[in-house]
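Peer 1: First the structure, which I've put down as structure tokens, then a few questions once you've had a look.
Just so you know, all these numbers are worked out from the coordinates, no wet-lab data involved. All values derive from a computational prediction rather than experimental measurement. Here the Cβ positions follow ideal geometry from the backbone for every residue, glycine too, while neighbour counts run over all protein chains shown.
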Amino acid sequence: MSTSEIKCPHCGQWTMWQGDVDDRCINCGEFLDSRRFSREVEKKINKQLKTEDDYFAIKPTDGELTRMFKGFFNFFRWSAYYVQLVIFVFVTILMAIISLLAA
Ligand SMILES: [Zn+2]
């Protein structure tokens, strides 16, 4: 592993990078490997979704009212999920554009 000087994709300042995914910018403290950041967010959303799936899963024993209630919440949950996904995609694209401009 060798230390190299790279431009931070977050603040555009020069910083040291050792090729490690855990390396952070010395200026703004953000992770230099933006792909790691993307993976972390993706993992977090997936984990959150799985947990909530268990909680709001409609069981055969549920009554009419419970089904409606759970269906209603599931709708909001999916909306929130897609909003998060759109923001995630937007931030990823934005970071790619910024790193292209900074290069
Ligand atoms: Zn920085």
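Peer 1: Roughly how tilted is helix 64-102, in degrees to the nearest 10 and between 0 and 90, from the longest Cα axis of the chain?
Peer 2: 10
Peer 1: Show which aspartates and glutamates lie in cross-link reach of Lys50 when reach means a straight Cα distance below 16 angstrom and same-chain residues fewer than eight apart are skipped.
Peer 2: Candidates past the 8-residue exclusion: Glu40, Glu42.
Peer 1: Could you work out the helix-only [θ] at 222 nm for the chain, with each DSSP H run of four or more residues adding -39,500 (n - 2.57) and the total divided by the number of residues, to the nearest 500 deg cm²/dmol?
Peer 2: Working: 2 runs with 62 residues, N = 103.
The helix-only estimate for the chain comes to -22000 deg cm²/dmol at 222 nm.
Peer 1: Which whole-number percent gives the relative contact order of the chain, counting Cα pairs below 8 Å spaced six or more residues apart?
Peer 2: On the way: 84 pairs, mean separation 25.8, N = 103.
Averaging sequence separation for qualifying contacts and normalising by length gives 25 percent for the chain.
Peer 1: Spin-label point model (7 Å from Cα, Cβ direction): what's the Thr92 to Trp78 distance in nm?
Peer 2: Between Thr92 and Trp78, the simple spin-label model gives 2.1 nm.
Peer 1: Using 0.36 nm per residue of separation minus the Cα-Cα distance, give me the extension gain between Glu64 and Gln18 in nm, one decimal.
Peer 2: 10.7 nm
Peer 1: Then there is this: Can you give me the angle between helix 34-56 and the longest principal axis of the chain, using Cα atoms only, in degrees from 0 to 90, rounded to the nearest 10?
Peer 2: Its long axis makes an angle of about 10 degrees.
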